[in-house]
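Accompanying notes for the structure given below.
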Amino acid sequence: MNTHVSLILKLIAVIAIACVPLSGESFYVELVAKMLLMAIFAMSLDLLVGFTGLVSFGHAAYFGIAAYSVALFSANFGQMSLWVLLPAAILLSALAALVIGFFAIRTKGIYFIMVTLAFAQMAYFVFHDTPVGGGSDGMFLDARPSTAIGSWVPFDLDNELHMFYFALAMMLLVYAFLQRVLQSPFGRVLMGIKSNEHRMQSLGYYTFGYKLAAFSLAGGLGGVAGFLYAVLFGYVTPELLSWHESGNVLLMVILGGMGSLVGAVMGAFVFEAMREFFADITKYWQLLMGSVIVALVLFMPGGLTAIPGRIKRALQGGAAK
Amino acid sequence: MNATTRAPEVLLEARKLTRRFGGLVANQDIDVTLERGMIHVLLGPNGAGKSTCINMLSGDLPPSEGEIRYLGQDITRLTAAQRSQVGIGRSYQRTNIFPQFTVLENVRLAAQSRRQQPWRIFSKAMEAKWALEKAHACIEEAGLGKRTDWVSGVLSHGEQRQLEIAMVLATDAQVLLLDEPLAGMGSEESANMVQVLKRLRQTRGILLVEHDMDAVFAVADRITVMVNGQLLECGPPAQIKASVAVQQAYLGTEDSLHV
Ligand SMILES: Nc1ncnc2c1ncn2[C@@H]1O[C@H](COP(=O)(O)OP(=O)(O)OP(=O)(O)O)[C@@H](O)[C@H]1O
Ligand SMILES: [Mg+2]
């Protein structure tokens with residue numbers, strides 16, 4: 001797509017999202033805030049799946065670890081500063097990803113998928129079956145973090161609108177950050193690894209280190225999403241780390257089109273919208289939604305981001321005849 | 001050749017390289033010496049073990065036995081990436097590129113491998129002038145200038161071979177291990193590549209696997225002939241041409257020395 005057109009479309013989308021609170025409906029504000037944080041989650045996974053070629057099936061672990069650190073820190077130290085808690089949560093997720101990645105990245109293909117899943121299940125059981133995080137019931141957040149810098153309080157996370165725009169800002173920030181990273185020499189190496197890792201090695205790249213860095217970075221960014229989730233909803237449960245969530249975020253990435261940040265965002269929005277819509281009309285919503293996703297993936301290889309190109313080609317094909 | 005040069009500098013030296021695949025001995029006690037300023041051609045019929053030999057030298061395959069030295073250092077246990085970093089570059093018989101990337105990006109990545117700064121995640125890859133300039137120069141040199149912005153996967157087979165050469169050039173390798181680089185090239189590209197090889201020889205060492213006998217005898221300073229994983233004969237081109245053993249080995253196959 002023409003870069004100007006795509007920039008204008010993105011701007012329109014951001015403005016449209018920013019206007020959601022004008023509806024005055026708390027339900028929509030919260031729903032779109034959730035979509036925004038899921039978009040961060042999906043982008044973080046796309047860094048691995050779509051750009052590095054690492055299909056992680058345990059990405060919910062990093063989301064959950066950050067979410068739980070919010071709850072656990074607040075439970076132990078009372079209300080915390082956002083400016084301490086957010087970096088701490090990101091760091092813990094990134095660290096967990098560093099350790100898990102150190103082992104997982106030695107495997108390839110289906111084994112990598114299984115090992116990332118197994119580690120995520122271990123994390124799940126830590127929160128589900130031990131008393132650290134309140135067991136299967138999860139935990140409520142005693143207080144949302146404070147944003148005070150000295151005596152200045154720039155915004156208030158207990159305020160629904162402030163929370164919404166904070167999530168929007170974080171989504172844009174993560175998008176811009178990843179965009180930048182992907183254009184860097186580091187990002188180019190990741191794409192090279194996805195395309196042909198063996199060739200990267202014979203060109204003299206120690207691909208293990210690059211993959212581990214990507215894995216850890218993705219974990220940290222997934223942590224941003226988990227942090228926002230905990231703060232938005234005010235509670236955390238072990239289900240955040242379950243393999244269902246790892247599968248869902250993978251579906252978002254596939255739905256949007258792997259290897260496209262905009263695709264990951266769109267995938268997250270569409271997925272969450274469908275989840276709401278189908279849960280509304282039938283209690284068998286998971287079945288229905290599953291079928292829709294299967295159909296979408298079958299009939300739209302390349303995902304949502306591939307649609308403009310397909311339309312264009314269809315039109316050109318038609319004109320040529 | 002030039003008889004008045006100083007003692008040649010040995011770049012790469014392999015001793016008694018052996019590689020088994022199950023019961024098959026693909027290479028047995030192969031010795032190869034590569035000197036700077038020299039093109040050493042590895043000849044042999046299909047399945048002789050030439051690619052296996054290159055794979056062991058480049059680190060793509062661990063040898064079952066034997067030793068490899070680069071500038072006197074034992075590199076037998078180094079990985080492919082480490083060997084690339086010390087100065088051993090290679091091209092592949094079966095084209096091995098980044099098919100979704102442009103020609104420029106393929107070669108730029110190769111250039112970037114010499115100055116990796118993975119922590120600089122906020123700098124733009126396309127703003128690293130040195131890597132771009134290097135990539136453009138190597139693409140020109142390999143005769144692919146007209147294809148710089150093409151997606152490499154759609155190039156012809158011969159052009160993809162040229163791209164492989166451009167990539168190995170961009171890594172500044174001192175030792176070039178080239179596995180049938182001329183295969184699929186048109187006569188013009190092939191002639192250009194022979195010129196490129198001759199020019200590269202002045203400052204580097206080249207191990208060349210090639211079936212095109214005209215090209216082989218146009219560039220070879222030394223030829224090693226392999227048959228069935230065994231080293232048959234090694235010597236200057238004139239000796240190989242005259243060798244009865246080599247003639248016999250080739251007569252039994254579809255290949256033949258057109259001399
Ligand atoms: N990875 C492998 N596993 C098992 N056998 C292999 C492997 N690689 C090569 N071989 C066998 O080793 C022998 C030598 O193969 P190699 O590819 O080195 O020959 P070559 O001289 O390069 O032949 P060509 O001229 O066809 O490229 C062949 O019999 C081949 O089948
Ligand atoms: Mg071969």
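Remarks
- Number of the condition not met by residue B:154 [criteria: (1) out of contact with any helix residue (DSSP H, G or I) (no Cβ under 9 Å at 6 or more places or on another chain); (2) facing another protein chain (nearest Cβ under 10 Å)]: (2)
- Residue in region B:76-90 that is among the basic types (Lys, Arg), within 16 Å of ligand 1 (Cβ to nearest atom) and either part of a loop (DSSP other than H, G, I, E, B) or surrounded by fewer than 23 Cβ atoms within 10 Å (Cβ to Cβ) (or both) present: no
- Residues that are on the phi > 0 side of the Ramachandran plot and either open to solvent by less than 10 Å² (accessible area, probe 1.4 Å) or at pLDDT 95 or above (or both), drawn from region A:235-281: A:257
- Residue under evaluation residue A:132, criteria (1) part of a helix (DSSP H, G or I); (2) away from chain B (no Cβ under 14 Å); (3) under 24 Å from the mean Cα position of the chain (by Cα), criterion not met: (3)
- Of all the listed residues (A:240, A:190, A:228, A:217), the sole one being over 14 Å from the mean Cα position of the chain (by Cα) and assigned to a helix (DSSP H, G or I) is A:190.
- Looking only at region B:91-140, residues that are within 10 Å of chain A (Cβ to nearest Cβ), charged (D, E, K, R) and buried (at least 20 other Cβ atoms within 10 Å of the Cβ) come to 2 in all.
- Taking the conditions (1) surrounded by 21 or more Cβ atoms within 10 Å (Cβ to Cβ); (2) within 16 Å of ligand 1 (Cβ to nearest atom) in turn, residue B:64 satisfies each one other than (1).
- Answer from B:45, B:63 - the residue that is more than 7 Å from chain A (Cβ to nearest Cβ) and within 13 Å of ligand 2 (Cβ to nearest atom): B:45
- Checked against (1) under 15 Å from the mean Cα position of the chain (by Cα); (2) within 16 Å of ligand 2 (Cβ to nearest atom); (3) open to solvent by 40 Å² or more (accessible area, probe 1.4 Å), residue B:56 meets all criteria but (3).
- Subset of region A:172-192 [open to solvent by less than 30 Å² (accessible area, probe 1.4 Å), more than 7 Å from every other protein chain (Cβ to nearest Cβ) and more than 13 Å from residue B:112 (Cβ to Cβ)]: A:174, A:178, A:182
- Boolean, residue B:170 is within 14 Å of chain A (Cβ to nearest Cβ), away from ligand 1 (no atom under 16 Å from the Cβ) and touching a helix residue (DSSP H, G or I) at 6+ places or on another chain (Cβ under 6 Å): yes
- Test for residue A:89: is it closer than 28 Å to residue A:305 by Cβ, in contact with a Ser or Thr (Cβ under 9 Å, 6 or more places away or on another chain) and buried (at least 24 other Cβ atoms within 10 Å of the Cβ): no
- Top-ranked residue in region A:203-233 [being of a type in the set (Gly, Ala, Ser) and open to solvent by 10 Å² or more (accessible area, probe 1.4 Å); ranked as farthest from the other protein chains (Cβ to nearest Cβ)]: A:216
- Candidates B:15, B:20, filtered to the one that is touching a residue at least 24 places away in the same chain (Cβ under 8 Å) and away from ligand 1 (no atom under 16 Å from the Cβ): B:15
- Evaluated against (1) over 26 Å from residue B:250 (Cβ atoms); (2) open to solvent by less than 40 Å² (accessible area, probe 1.4 Å); (3) modelled with pLDDT under 90; (4) assigned to a helix (DSSP H, G or I), residue B:158 falls short on exactly one condition, (1).
- In region B:209-228, the qualifying residues are those that are part of a loop (DSSP other than H, G, I, E, B) and in contact (Cβ under 8 Å) with a residue 60 or more places away in the chain, and the one that is most open to solvent (accessible area, probe 1.4 Å) is B:228.
- First in region A:175-194 and basic (Lys, Arg), second anywhere and open to solvent by less than 10 Å² (accessible area, probe 1.4 Å) and not in a helix (DSSP H, G or I), Cβ under 6 Å, 6 or more apart: A:194/A:52
- Checking residue B:69 against (1) away from ligand 2 (no atom under 16 Å from the Cβ); (2) charged (D, E, K, R); (3) away from chain A (no Cβ under 14 Å); (4) open to solvent by less than 50 Å² (accessible area, probe 1.4 Å), the condition it does not meet: (4)
- Pair list, Cβ under 9 Å, 6 or more apart: region A:97-118 residue over 20 Å from residue A:221 (Cβ atoms), other residue of a type in the set (Phe, Trp, Tyr) and in a helix (DSSP H, G or I): A:103/A:119; A:106/A:112; A:106/A:208; A:115/A:103
- One residue stands out in region A:57-83 among those that are in contact with a strand residue (DSSP E or B) (Cβ under 6 Å, 6 or more places away or on another chain) and of a type outside the set (Gly, Ala, Ser): the one that is surrounded by the fewest Cβ atoms within 10 Å (Cβ to Cβ), namely A:79.
Condition check ((1) within 15 Å of the chain's Cα centre (by Cα); (2) on the phi < 0 side of the Ramachandran plot; (3) within 16 Å of ligand 2 (Cβ to nearest atom)) across all residues:
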position	(1), (2), (3)
B:84	yes, yes, no
B:90	yes, yes, yes
B:99	no, yes, no
B:102	no, yes, no
B:114	no, yes, no
B:120	no, yes, no
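The values are calculated or read from the model by the stated rules, or taken from the named source; none is laboratory data. Because the structure is predicted, anything quoted here is derived from the model rather than measured. When we count neighbours, we look across all protein chains shown, and the Cβ atoms used for this are built from the backbone with ideal geometry, even at glycine. The accessibility values were calculated without ligands, DNA or RNA, using every heavy atom of the protein model including side chains. Shrake-Rupley method; radii C 1.70, N 1.55, O 1.52, S 1.80 Å.
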